[in-house]
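Have a look at the structure below before the remarks.
Values in this text are rule-based calculations from the coordinates and carry no lab data. Computed from a predicted model, the values in this text were never measured in an experiment. Methodologically, a virtual Cβ is constructed for each residue, glycine included, from the backbone with ideal geometry; neighbour enumeration extends over all protein chains shown.
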Amino acid sequence: MMNLRIIPLALLAAALFALTLPGAAQATFRQWVEDFTAQAEADGINRRFYLSVFEGVTQEDADVLEKAAYQPEFTTPLWEYLDTRVNSLSVRAGLAQKARYHDMLQKIEQHFGVSRETLLAIWSIETKYGEALRNPKRLHYVPQALATLAWGDRKRAGFARSQLLAALKVMRDDKIGRENMYGSWAGAMGQTQFIPTSYLTYAVDADGDGRRDIWNSVADALASSANLLRKNGWRRGEGWGIEVAGNKSLVSRHGQSKTLSAWQKIGVTRVGGSPLPSGQTTATLSLPAGLDGPAFLLLKNFSVIKRYNNSDAYALAVLLLADQLAGRPAPRTAWRRPPDSLTFLEKREMQRLLGERGLYQGEIDGSFGDESRAALKTYERRLGKTPSGRPTPNLLNSLRGR
């Protein structure tokens, strides 16, 4: 009799899944939320609690679907992606946080074996050291965002359903109120942007208050990130890569893995000509921008960072910023930029000048997103030009009055 009671519930949940996939004929967003109640109950979520989480949520978050179609890690040129994340502002802010949280960072580093600079770099790139959490324009109610993806984004529907179930458990088990359940369009939460399943698996209470609070406790957030990296194979005290001399002969070997000794035998050297260290450590050759930038032999810790975000651009940004926070030099080979592009500082100047003309009200952060491009297009129209929204030296000189 027990099985007869359990099986119909599971079958009902499976049937509802099929009916509520994106594009199913009967499924409005609100209907999808109501129908998903059965799956939540099958996963142990009380119906009344589930409905309370969605109380007042009457429609999808349209911004989520728009942002899902544009991920800068995969759509922005690498040099531009790095410019906006590894720069004088992020380094200066990171050094200030490094000094402010010195003792706490030392304890986390000693316990988990992950360098404080790596944790600070993750914090910077995920939320600009928590600043993004204070900007309601960039935040989404996590259950609504995940339900929107599950309902309206076929590619991410399975991911979103599993994350929504995990988010409900986070709210229920750790008693996280709605006021804290705001995060990214993909459901990432807190100072260092944990998706709900990662929170359930890796979040820790580092400040000893009896709660895992990645929203308000910097210690909990950074220690949770350290725990995630350690459990995914981070190697204490080991670097992430070696810059090597790039040339055309290496292009065909991009993505190949060999021991350092094997790379040395076929003539690969450090940039500048000094020999590689010998040994049986495995390293993977990467020319992330082809011959238009540095070449690296990537070590294990590079791939571990990608467990946080499966993007080479993201991992490079974290680790290059961490190097600068630790006082290590930037790559000796420059990233090649288009001849008519602007530097990070020049983009900040352009934003400031557009603001002085009343065209731009956003942050002066050197990141040329939708708001910056819209302001520039308005300025181009005033000049009688076909608007492109692309920051160029000619437009900057025009704004300067030259």
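From the phi of every residue in region 337-354, what ³J(HN,Hα) in whole Hz does the Karplus formula 6.51 cos²θ - 1.76 cosθ + 1.60 yield, where θ is phi - 60° and glycine or proline is x?
Each residue's phi maps through the Karplus curve to give 10, x, x, 9, 8, 9, 6, 4, 5, 5, 5, 4, 4, 4, 4, 4, 5, 5 Hz.
Report the gain in length on full extension from Thr269 to Arg332: 0.36 nm times residue separation, minus Cα-Cα distance, nm rounded to one decimal.
21.3 nm
Give the residues of region 201-239 whose amide nitrogen is closer than 11 Å to a point set 7 Å from the Cα of Lys175 in the direction of its Cβ.
211
Need one number: convex hull volume per residue for the chain, Cα atoms only, in Å³.
194
Rank by packing, highest mean first: peptides 346-356, 244-254, with packing defined as the count of other Cβ atoms within 10 Å averaged across residues.
For the peptides 346-356, 244-254, the packing ranking is 346-356, 244-254.
Based on the alpha-carbon set only, what is the convex hull volume of region 49-128 divided per residue, in Å³?
With only Cα atoms used, region 49-128 gives 180 Å³ per residue.
If you add up the charges near Ala132, with Lys and Arg at +1 and Asp and Glu at -1, over every other residue whose beta carbon is less than 9 angstrom from its beta carbon, what do you get? Write down the numbers at each step before the final one.
On the way: positive: Lys128, Arg134, Arg138; negative: Glu126, Glu131.
Net of charged neighbours comes to +1.
³J(HN,Hα) across region 357-362 via Karplus (A = 6.51, B = -1.76, C = 1.60, θ = phi - 60°), whole Hz, x for Gly/Pro?
Karplus values, whole Hz, x for Gly and Pro: 8, x, 9, 9, 10, x.
By the gyration tensor of its Cα atoms, with a ≥ b ≥ c the square roots of the eigenvalues, what is the shape of region 301-340: rounded for a/c under 1.5, prolate for a/b over b/c, or oblate?
The shape class here is oblate.
Structure shown: which of Lys128/Lys347; Lys67/Lys248; Lys137/Lys231; Lys169/Lys300 lie over 27 Å apart, alpha-carbon to alpha-carbon? Provide the component values of the computation, followed by the final result.
Numbers: Lys128/Lys347 18 Å; Lys67/Lys248 37 Å; Lys137/Lys231 34 Å; Lys169/Lys300 33 Å.
Result: Lys67/Lys248; Lys137/Lys231; Lys169/Lys300 exceed 27 Å.
Around Glu60, what is the net charge, scoring Lys/Arg as +1 and Asp/Glu as -1 over all other residues with Cβ under 12 Å from its Cβ?
Result for the neighbourhood of Glu60: -3.
Only Lys, Arg, Asp and Glu count, each charged at its Cβ (+1, +1, -1, -1), so figure out the dipole size of the chain about its Cα centre, rounded to 20 debye. Can you show the working numbers first?
Values: 53 positive and 40 negative charges, 210 e Å.
Using only the charged Cβ atoms, the result is roughly 1000 debye.
Pairs of alpha-carbon atoms within less than 8 angstrom and 6+ residues apart define the contacts here; what relative contact order does region 337-389 have, in percent?
27
Just to confirm a number: summing +1 for Lys and Arg and -1 for Asp and Glu over residues other than Gly358 whose beta-carbon lies under 15 angstrom from that of Gly358, what do you get?
Cβ neighbours under 15 Å give a net charge of +3.
What distance in nm separates the two pseudo spin-label positions at Ala132 and Glu356, each 7 Å out from Cα along the beta-carbon direction?
3.1
Sort 186-194, 289-297 by the packing proxy (mean of other Cβ within 10 Å over each peptide's residues), most packed first.
Numbers: 186-194: 25.1, 289-297: 19.4.
Descending mean neighbour count gives 186-194, 289-297.
If we count other beta carbons within 10 Å of each Cβ, what is the order of Glu126, Glu109, fewest first?
By the 10 Å Cβ count, ascending: Glu109, Glu126.
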